[in-house]
Each structure stands twice: as C-alpha cells, then as structure tokens.
C-alpha cells in the first residue's frame, strides 16, 4: 500500500463543533479509513494553515472515493491534500 500525507484545515463550524464536544478526531476517522482498507500510521494537531496532519496507508484504488468523501465534509475549511509519499 502507498503512504499518504493529508493536511486538513477546519472551518469555523468545525471548530465550534470541537469546542462544544471535544473529541479525538484522529480516532474518529480511523474506522472510516480502516473500512476502506487503510491504516493510520500517525496523526498530529498543528498550528498554521492546517489544523491536522495525518500519515496513513491506503490502497490506490480507494483514494478517489476517499477524497470525494473528505471534500463533502462541511467541517473542513481547507480540503485534504493527500500527498503520495
């Protein structure tokens, strides 16, 4: 499987939801990634343009559906930008 780096930024609505109901978002997305045959290697919350950085493995044939799913998440301000490593 290929390795990918995803950089994600939250929208104001996404931040409001996290403040109202704090939770580990890395663990929240783990089941979705694993259901698609992937595996999260590590994830970090960050400061700056992106709020979350995620390194994961994913079969090439499921990256397009995953990108479409991520792009529809209204809580994300900056679209995920997976970079193949």
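The values are calculated or read from the model by the stated rules, or taken from the named source; none is laboratory data. Please read all numbers here as calculations on a predicted model, not as lab measurements. Cβ: placed from backbone, ideal geometry, glycine included. Neighbour counts: every protein chain shown.
Looking at the stretch 52-85, which of its residues are part of a strand (DSSP E or B) and modelled with pLDDT under 70? Selection gives 76, 77, 78, 83, 84. The set of residues from the stretch 11-25 being crowded, with 17+ Cβ neighbours inside 10 Å and closer than 27 Å to residue 59 by Cβ comprises just one member, 25. Consider the stretch 4-51 and keep the residues that are part of a loop (DSSP other than H, G, I, E, B), within 17 Å of residue 69 (Cβ to Cβ) and at pLDDT 85 or above. The one that is farthest from the chain's Cα centre (by Cα) is 37.
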